[in-house]
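These notes are about the structure you will find just below.
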Amino acid sequence: MEVKGTPLEVVGTTEGIRDVMVVSETQGKVVSLFVKVGRYVSKGSVLVKVDDELKLIALNSAKVSYEKAKKDMERYEELFKEKSVSEAQYEGVRLTFAKAEIDYSLAKRQLEDTEIKSPISGLVTTFNLEIGEMLTLGSVVANVVDLSALRVVFRADERVVFSLREGDNVEVRTDVYPNEIYNGKIVSIGSKADVTHSYPVEVEFSNKIEKSLRAGMFVRGVFSVNQTLSRILIPASAIFGEISSPFVFVYDRGVARMRNIKKGDPIGNKMEVLEGLLDGEELITTGLVYLKDGDKYELLPKISPPVVSIITVYPGGGAEEVESSVTKVIEDQVSSVENLDVVISSSNVGLSTITLQFKQSANVREALQEVERLLNLIKNDLPEDSEEPKAFRFAFDELPVLRLGVTSNMKDVDFFDLIDKQIKPAIGSINGVGQVNIVGGTKREIRVNMSKEKLEFYKMSLGQVVASIMVANLDFPTGVVKNMNEQFTVRISGKISSVDVLKELVMLKVPNGGEIRLKDVAEITDGAEDVSQYNRINGNPSIGLLVSKQSDANAVEVSKEVREKLKKLEQTYAAQSLKFEIGQDGSQFTLDAANSVKFDLYFAIFLVGMTMLLFLHSIRNAVIVMVSIPTSLLTTFIVMYILGFSLNLMTLLAYSLVIGILVDDSIVVLENIYRFLEKGTERKLAALMGRNDIGFTAVAITMVDVVVFVPLSLVSGIIGNIMREFAIVMMFSTLVSLLVSFMVTPALASRISKLERFTGRTLWEKFILKFEASYEKMLISYERLLRWSLCHKKVVALVALVSFFSSFLLFTGGFIGAEFITQSDRGEFSVFIETAGSSSLEGTNAIAYKVEEMFKEIPEIERVMANVGVSNEGLISGKSSNITEFNILLVPKNKRKKSTDDVVIDIKQRLSKFSGVKYRVSPIGIFGTANQTPIQIVVMNPSRDSAIVAAKQVVKILQGIQGTSDVRSSADSRGTDIAVQIDREKMASFGLTIQDIGAVMRIAFAGDDNSKFRDKGDEYAIRVTLKDFDKRNIEDVKNLGFRNSGGEYIFLKQFASVYQTPTIPALQRYSRQNYVNVGSQVVGGATSGAIASEFEKKVKQVKIPERTQFDYLGDVKNQKDSDSNLGLAMFAAIFFMYLVMVLLYDSYLYPFIVLFTIPLATIGAFYALAISGSSINVFSGVGLIVLIGLVGKNAILLVDFANKLITDEGKPLVEALVLAGKLRMRPILMTTIALVAGLMPIAITSGAGAEWKQGLAWVIIGGLISSTILTLVVIPSTFMKFEEWKQRTAQYFSRKKQVA
């Protein structure tokens, strides 16, 4: 068998890959235009010229000042050499010249800004300006498409596209330049064919400077495809279709694809394939796609909450300054974005964080674009030292998949460089990896630690040192040298690349001719930047790596490929003892949860099969019914593939749940066929008559099931994202089961079904005879009960009402709680500790070490990953010197005696012995991150002080509610700042400005790192700051020195008051009001909903500050949103169910009778929740909606058959109801027991994610049992009462007509 490469030529049209929107950074009148749409422009070419009259005047003025200052400088230089002027006078003139030089340079740059230039070379696609038009800051000037690389989307025939792979080389040719070849690569291959049976193949290729192609040009792509395999033997069971058009399924890129083939001769149980298969394809021989190692599993469907976050870094800014100068400015700007719901902000020291929560109907991508546009307009309104605001959206599927700890025997700085420049890019290049973030480590930095004493001795300022280093550390492009044949760029390479060179830089020349060099006033070391966080794994120092996947990548597959890459990297860097240890792998729980649901699925199929065998008495009849399960499931797999669904917890749960439903229709049809067989009807005719007789009822019970899932699939928000795929899978599989019952079940029954005659000869026959005898006795008892109930309808109604209302007392009695999503025992949780607000990182790290030693004493803990100085709770990440996060992994469930809750209690008891340490424990939630505190109460007040007072009252209330733990307020974390109050008059008298003071103080205490050190092509920061000894306490701040333009040296304490003041590290705002967040964990079996209800009662009894308002975040808010969404879906489901029955029965009365099964079902549902210890949450709420459709089936079977007996056979009302109850008892019991049996594995499972599924299963099981028992009695009584009312109404109108 020989495989050869065959060229395939396809055609397409080029298009640009990247386009750049050119935005005006100046304002003024347009005076000249240099381009138009469709013209090619090079990088730096002028697009528009703006009126420069005012800036030209400013330039001329700056030039005059510069020339005058230059002359003065030259004159004073001579005078200084002659010692005719003092050093201070000379220094003052030198500084004046330096300022004039900067002003002149700035004026020239501002004049250049009047020419708006293209940032890239490319094609102008948008340009709508006219001469005379006024430009403003942020105005869109043009859109330029980058033509350095182009994209083409070719269409490849389905017969060959599957031999192509991403990354394959492609030759791109064009008739414009017939001899040129443009080299490209396949970047993506579409997963869906169009009507012409071809697939999109996206190719990117590099353009050429000469003979450059443009967007919109017609090109040809030449691919190399593999020839088909010939004469290969495959299992005959893998071939489908008719003889004339056989096909097989192959496994390609994670999905099943159909492949047409040409068959040869059969050889044993195998078949020879002559044509159709491609090299490298995996054949599916069973009809099911078994994904290897679960590579395509996901924990949940894709979820993207409507949230946009804006982060702005403002180095050195205090919390109040950040709030007033950054946060409020941005809040005012973005508050007009469409569909914005809530704005939440936090202003910390040096950092502003703003979270925009949009309405569920908002398009988050469009909202993000609008936010970025608005932020671009206010860049100049923010402080000069602040960084540009960065906006991004949240997506749960882009959270870290892997948390790694990396260790090595290398020096800290070299190790960080290895991670940053080698390991991180290597992991980031893996297919599906979206982002790799480094946590901890020591980054190389050139430290220039200034001595305050020496600065004071030489009367030098920190600003002077920084300026001297900057002007000595520059690269200058100075022009070109060219002749007829060659051209060279001339540039000055002035970047510092040696520490020795840096040490020898001249800072000052003294009168005696000597020079003060940098080494004379500072300690210069090739060292590391100040550590801002520590990372350890199991107590060993490490560098942390957080690996996130791309939005559309598969978490399990990414994790698997990253693990394989880590092994190779360990081998590559074995000499450096490089080791990776996985602290947390989110994909492992995904696999465990998926495997648990798969086991539930298989076990459910087994139990349903046993149920069918018990009631139908023979394997033949059981097989006829059971064939609906694989048929429906496989068909639904096709629907999932078309809709792009993944195999996740929800779709697999839907498959497990639907097992009992799939056999319902087949049971009803087969039972009716069997009834005709017992009458002596011939088998084929019995199959036809039985199907036709019950067909309408089968349609009714199926459509009632289906319509309840329609509202669930349309629910918005997080609930909709989680449940949509679940609802659609349930809906389609149920519809397919109806088709199976109409087509497959009668066909099989007509061929293999037969009446079973049992004589008791075998053990099985004896068992069946005994079972049937018991069933007949039950029917007799049921007939007596039914006849009694028809005569005592009021008693029946009273019992039903009492049962119904008693079930609601379970809520008020505290037997059933409410929450958003039940916490699952994942064997993982996070511990957060917080030291005093003024604690240093080193002090916090020392305490963290002790806590880690304590963790080693707990045998259930397998792994601890510590992050000192940083914490991540939910989607929020925070940095502070007084916080530490520990990610803890326990040993597997089967290897430990304690549950996760028991371990958490033990840890809390041990942590309580650490004085001065606040702690809290957060379990890892359904989204794979440490859950945010479930109880989060927003305390709002226009006055921040009043909000803090109210928050303290809320803390006391929560502490008094049973089930709360770790109650804390965001205002509790108070620190101490050193405040500097400047006397402006004194400052001015010394010839200083606020800008001078701020710049020097920032250098002294934060450091200046604007200068870069170059080494082997890499750049590292040169940080100029005071040495640590000179910035230890408040006295060091007071004695900080400044030099004015006259050469005088002044201390800060001479014109400012310096004192310590308490401060809140974070100033928070909610909907642009001051707020304090009060949070609490939930323990002891309590639920967040019950605690919130208790809080609302108690807070009314307390006098709180005026104008205080409350709102909720976290689980309580999510629960309230889900309750409203699920409540609406439930009412819509009931309404749709009623409408469907009205359409089917052409009656408003009988469908109304069926609806009485719903309250009967809630009785058992609520009692099942109470007995099982489950709560009302998202999953159990969905169970209630599913239950609505399921319980209506039994009533439909009864009502429909009774109605037929009355109208078609003329039976009396009572006899018709009794006969309908007896004849429909078997299918009702079979369907109910099949459903319960299918749900029992989910209800009693103890695998991964069991807690999420159990509530749903118990709701349906309890509801089915109560509704089945009560339906057989209550529905006939209700039917009879409605018939009596109907007859009385008819008689009443008949008498009125006679009288008239």
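The values are calculated or read from the model by the stated rules, or taken from the named source; none is laboratory data. Please read all numbers here as calculations on a predicted model, not as lab measurements. Every residue, glycine among them, receives a Cβ derived from its backbone with ideal geometry; neighbour counts consider all protein chains shown. For the accessible areas, the whole protein counts, side chains as well, though only heavy atoms, and no ligand, DNA or RNA atoms are used. Shrake-Rupley method; radii C 1.70, N 1.55, O 1.52, S 1.80 Å.
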**Report entry** Candidate set: the stretch 1104-1139, residues that are over 30 Å from the mean Cα position of the chain (by Cα) and among the β-branched types (Val, Ile, Thr); chosen: the one nearest to ARG944 (Cα to Cα)
**Finding:** THR1108
Query - Odd one out for ASP996, checked against (1) more than 27 Å from PRO315 (Cα to Cα); (2) in contact (Cβ under 8 Å) with a residue 60 or more places away in the chain - result: (1)
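This table checks each residue for (1) closer than 20 Å to GLY583 by Cβ; (2) in contact with a Leu (Cβ under 8 Å, 6 or more places away or on another chain); (3) open to solvent by less than 80 Å² (accessible area, probe 1.4 Å).
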position	(1), (2), (3)
ASN431	no, no, no
GLY440	yes, no, yes
LYS443	no, no, no
LYS452	no, yes, yes
LEU455	no, yes, yes
PHE476	no, no, no
**Report entry** GLU320 touching a residue at least 40 places away in the same chain (Cβ under 8 Å), in a helix (DSSP H, G or I) and surrounded by fewer than 17 Cβ atoms within 10 Å (Cβ to Cβ)
**Finding:** yes
Query raised in the report: Can you tell me which residue in the stretch 1158-1192 is nearest to ILE1134 (Cα to Cα), limited to those that are β-branched (Val, Ile, Thr) and open to solvent by 20 Å² or more (accessible area, probe 1.4 Å)?
Result: ILE1158
Query raised in the report: Would a scan of the stretch 616-639 turn up a residue that is within 17 Å of GLU725 (Cβ to Cβ), open to solvent by 50 Å² or more (accessible area, probe 1.4 Å) and not hydroxyl-bearing (Ser, Thr, Tyr)?
Result: yes
Query raised in the report: When you scan the stretch 331-355, how many residues do you find that are outside any strand (DSSP E or B), open to solvent by less than 40 Å² (accessible area, probe 1.4 Å) and either touching a Ser or Thr at 6+ places or on another chain (Cβ under 7 Å) or closer than 15 Å to ARG393 by Cβ (or both)?
Result: 3
Report task. Hey, could you check the stretch 66-81 for residues that are within 10 Å of VAL93 (Cβ to Cβ) and in contact (Cβ under 8 Å) with a residue 24 or more places away in the chain and say which is surrounded by the fewest Cβ atoms within 10 Å (Cβ to Cβ)? Result -> ASP72
Query - Search result, residues across the stretch 546-601 that are aromatic (Phe, Trp, Tyr), in contact with a helix residue (DSSP H, G or I) (Cβ under 8 Å, 6 or more places away or on another chain) and closer than 29 Å to SER656 by Cα - result: PHE599
Query raised in the report: Quick check, is PHE488 within 50 Å of the chain's Cα centre (by Cα), aromatic (Phe, Trp, Tyr) and surrounded by fewer than 11 Cβ atoms within 10 Å (Cβ to Cβ)?
Result: no
Query raised in the report: Of all residues in the stretch 1078-1096 being farther than 14 Å from ILE937 by Cβ and open to solvent by 50 Å² or more (accessible area, probe 1.4 Å), which is modelled with the highest pLDDT?
Result: ALA1090
Query - Residue, farthest from ILE997 (Cα to Cα), within the stretch 1032-1072, restricted to residues that are charged (D, E, K, R) and open to solvent by less than 60 Å² (accessible area, probe 1.4 Å) - result: ARG1069
Report task. Please tell me if THR611 is open to solvent by less than 10 Å² (accessible area, probe 1.4 Å), out of contact with any strand residue (DSSP E or B) (no Cβ under 6 Å at 6 or more places or on another chain) and among the polar types (S, T, N, Q). Result -> no
Report task. Return the pairs, sorted by first residue and then second, in which the second residue is not in a loop (DSSP other than H, G, I, E, B), the first residue lies in the stretch 27-51 and is of a type in the set (Asp, Glu), the beta carbons are less than 7 Å apart, and the residues are 6+ apart or on different chains. Result -> ASP51/GLY28; ASP51/LYS29; ASP51/VAL31
Requested in this report: Could you list all residues from the stretch 1143-1157 that are surrounded by 24 or more Cβ atoms within 10 Å (Cβ to Cβ) and of a type in the set (S, T, N, Q)?
Outcome: THR1157
Query raised in the report: Does GLU453 satisfy the condition of being more than 16 Å from LYS568 (Cβ to Cβ) and in a strand (DSSP E or B)?
Result: no
Report task. Inspect all residues belonging to the stretch 828-845 and state whether any of them is open to solvent by 30 Å² or more (accessible area, probe 1.4 Å), in a helix (DSSP H, G or I) and either more than 28 Å from LEU889 (Cα to Cα) or modelled with pLDDT of 75 or more (or both). Result -> yes
Query - Number of positions in the stretch 506-540 that are closer than 15 Å to GLU885 by Cα and either surrounded by fewer than 20 Cβ atoms within 10 Å (Cβ to Cβ) or among the polar types (S, T, N, Q) (or both) - result: 5
**Report entry** Members of the stretch 402-432 that are of a type outside the set (A, V, I, L, M) and touching a Ser or Thr at 6+ places or on another chain (Cβ under 7 Å)
**Finding:** GLY405, THR407, SER408, ASN409, ASP412, PHE415, PHE416
Requested in this report: With respect to LEU785, determine if the residue is touching a Phe, Trp or Tyr at 6+ places or on another chain (Cβ under 9 Å), open to solvent by 30 Å² or more (accessible area, probe 1.4 Å), assigned to a helix (DSSP H, G or I) and not basic (Lys, Arg).
Outcome: no
Report summary line: Taking the stretch 892-908 and keeping only residues that are open to solvent by 30 Å² or more (accessible area, probe 1.4 Å) and in contact (Cβ under 8 Å) with a residue 60 or more places away in the chain, one is left with PRO892, LYS893, SER899, ASP901
Query raised in the report: So, in the stretch 984-1002, of the ones that are open to solvent by 60 Å² or more (accessible area, probe 1.4 Å) and not aliphatic (A, V, I, L, M), which residue ends up farthest from the chain's Cα centre (by Cα)?
Result: SER989
Query raised in the report: Any idea which of LYS1204, LYS1222, LYS1193 is under 16 Å from SER1267 (Cα atoms), within 55 Å of the chain's Cα centre (by Cα) and among the basic types (Lys, Arg)?
Result: LYS1193
Query raised in the report: For the stretch 1075-1085, does any single residue satisfy the condition of being aromatic (Phe, Trp, Tyr), within 30 Å of SER325 (Cα to Cα) and out of contact with any Gly (no Cβ under 6 Å at 6 or more places or on another chain)?
Result: yes
**Report entry** PHE392, sole failed condition from (1) open to solvent by less than 70 Å² (accessible area, probe 1.4 Å); (2) within 21 Å of ARG1072 (Cα to Cα)
**Finding:** (1)
Report summary line: Exception for ALA1202 within (1) in a helix (DSSP H, G or I); (2) under 22 Å from HIS792 (Cα atoms); (3) open to solvent by 30 Å² or more (accessible area, probe 1.4 Å) falls at (3)
